[in-house]
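See below for the structure under consideration.
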């Protein structure tokens with residue numbers, strides 16, 4: 001446990017040592033802020049629910065996907081390229097500890113990156129005339145789902161990063177894979193309306209967000225994402241281990 | 001039996017590592033005793049790095065077993081890694097950290113308790129000469145310091161065994177000298193296995209050298225013994241002033257002399273064998289001491305002159321070329 005914490009702290013500080021972390025955060029928050037403004041002005045004409053105001057913008061989700069790709073692409077690829085993975089994995093630490101620590105660090109960085117968007121809630125509260133106009137349940141469930149989806153995408157991104165020593169290859173794999181998951185419902189035509197379509201619909205993050213931002217709590221996506229996280233982290237550990245039997 | 005195992009730091013038996021299409025290490029067995037400085041010598045691609053990676057648990061062997069301090073590297077990997085300080089060939093460091101920060105991170109990672117941390121840090125910085133750069137950012141250090149930080153990292157948890165992969169590669173001559181000196185000093189406290197493709201380095205630093213070629217150990221002995229083993233009969237070189245036609249038969253008749261050859265002298269008249277001139281003779285003897293004394297006596301009796309009488313030194317380079325060339329021929333005719 002101690003080892004995981006040491007590795008976690010190193011990884012998290014590594015994010016803040018690189019300019020990429022700040023650029024990612026600034027760009028993400030700028031775009032998220034602008035699309036929030038756009039939704040606010042849109043709400044002058046038609047009434048929008050609070051969940052839609054916070055999470056209803058596709059641009060916001062595009063930035064989430066891009067940011068997660070950037071956060072995760074270097075994690076293993078860079079250490080492989082520079083060879084530091086060798087000194088890391090010949091220290092008395094297990095491969096599982098390394099993956100767990102790096103995952104936790106990426107997740108915390110993602111949470112830090114998203115945290116300032118919570119200010120939008122304060123802004124909304126200040127400008128909402130009546131108390132009953134503000135329902136906090138969709139806010140809480142919405143953020144919970146954002147974190148859960150983010151956690152799953154990060155696990156996938158780490159897996160993509162473990163496959164290669166090139167950050168660009170890792171980024172493309174991660175971005176492609178995450179996008180397919182996120183927009184899985186748009187591929188429903190592949191299932192010809194049958195069982196396949198229902199599976200794709202079930203996988204789609206867009207559908208989950210629509211539910212959760214309305215305060216509807218469904219346990220199925222929770223199970224889906226948690227098992228997905230476990231699966232891809234396990235796969236990443238196995239890929240790291242594969243140096244042993246290649 | 002127990003004390004026997006205690007003396008062995010590394011025990012490798014029938015180690016084989018196959019990659020998809022190549023055999024990197026082919027049925028290698030060796031032992032390293034506690035306190036030894038052993039060098040792996042071999043051309044690039046001989047299997048040095050792969051062997052070291054298996055010893056440190058980074059790669060798994062295809063066949064064979066490796067014990068470090070009596071522990072199986074595959075089954076008790078973490079225990080083994082605590083006992084090993086490993087410096088990979090590329091010396092991977094995090095360039096954005098300061099030297100102190102990096103060493104602290106590595107120390108904590110390798111389980112150095114917090115209360116001992118400061119003392120350990122001071123120790124290795126002192127040993128590796130890093131006190132001047134402790135607050136510098138690693139990415140801005142010169143290659144020599146970079147190497148020393150890597151070495152300090154491998155020492156930080158006070159391991160029993162140091163495994164150093166090409167520790168002097170890419171350094172300038174002064175830095176090489178400093179690092180070799182450092183390794184020799186470390187040899188008093190640690191068991192060291194290092195790899196190199198520079199023969200003089202192995203000769204200077206190591207007590208024992210293992211020559212690795214195409215994944216096999218083709219020789220293992222002290223540098224001196226290796227040189228003695230493969231230079232054939234010891235040779236004496238003598239430069240004698242006298243008529244070649246007279247000197248040559250007399251040299252051949254000396255006791256203990258196996259073969260004599262004459263290298264044409266540098267003097268213009270050396271060509272004429274019957275006239276006295278400076279000639280260089282290469283005398284292959286069974287035992288060099290006797291040959292030298294006998295040569296001197298012979299020259300004195302004939303009242304010729306002598307301006308050089310030396311034992312021809314061969315270095316590991318010759319041994320190495322000799323042995324690997326042999327391997328080459330074997331490889332061509334399987």
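No lab work stands behind these numbers, since they all come straight from the coordinates. None of the values given here were measured: they were computed from a predicted structure. As a convention, Cβ positions derive from the backbone with ideal geometry for all residues, glycine included, and neighbour counts pool all protein chains shown.
Quick rundown of the values:
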| quantity | calculated |
| --- | --- |
| Cα gyration tensor category, rounded, prolate or oblate, for the stretch B:137-187 with a/c compared to 1.5 | oblate |
| Förster radius 41 Å - calculated FRET efficiency between residue A:179 and residue B:169, Cβ distance, rounded to 0.05 | 0.40 |
| Contour minus Cα-Cα distance for residue A:111 and residue A:166 (0.36 nm per residue) | 17.2 nm |
| Simple label model, 7 Å out from Cα along Cβ direction - residue B:259 to residue B:116, nm | 5.9 |
| Projected label distance in nm at residue B:221 and residue B:312, using a 7 Å step from Cα toward the beta-carbon | 1.8 |
| Average beta-carbon neighbours from other chains, 10 Å sphere, peptide B:48-58 | 2 |
| Over the stretch B:109-217, volume per residue of the alpha carbon convex hull, in Å³ | 130 |
| Column: log10 I(q)/I(0), Debye, Cα scatterers of the stretch A:2-245, q = 0.16, 0.17 Å⁻¹ | -1.17, -1.27 |
| Fluctuation leader among A:144, A:236, A:77 - chain A, Gaussian network, Cα springs under 10 angstrom | A:144 |
| Quarter of the Cα convex hull surface for the protein assembly as shown, i.e. its orientation-mean projected area (nm²) | 40.2 |
| Inter-chain Cβ neighbour average for residues B:106-112, partner chain, 10 Å | 5 |
| Percent of alpha-carbon pairs separated by more than 25 Å within chain B | 61 |
| The stretch A:71-190 - convex hull of the alpha-carbon atoms, volume per residue in Å³ | 144 |
| Whether the stretch A:120-218 is rounded, prolate or oblate, judged on the alpha carbon gyration tensor where a/c under 1.5 counts as rounded | oblate |
| Segments A:10-22, A:170-182 sorted - mean Cβ within 10 Å per residue, highest first | A:170-182, A:10-22 |
| Prolate/oblate/rounded call for the stretch B:104-168, Cα gyration tensor, a/c under 1.5 rounded | oblate |
| FRET efficiency estimate (nearest 0.05) - Cβ-Cβ, residue B:34 to residue B:13, R0 22 angstrom | 0.75 |
| Largest-first ellipsoid semi-axes for the stretch A:1-106, taking √(5λ) over the Cα gyration tensor eigenvalues, angstrom | 38, 14, 10 |
| Cβ neighbours within 10 Å from other chains - mean over A:81-89 | 6 |
| Förster radius 51 Å - calculated FRET efficiency between residue B:143 and residue A:217, Cβ distance, rounded to 0.05 | 0.30 |
| Projected-area average for the stretch B:19-99 over all orientations - Cα convex hull basis, square nanometres | 7.3 |
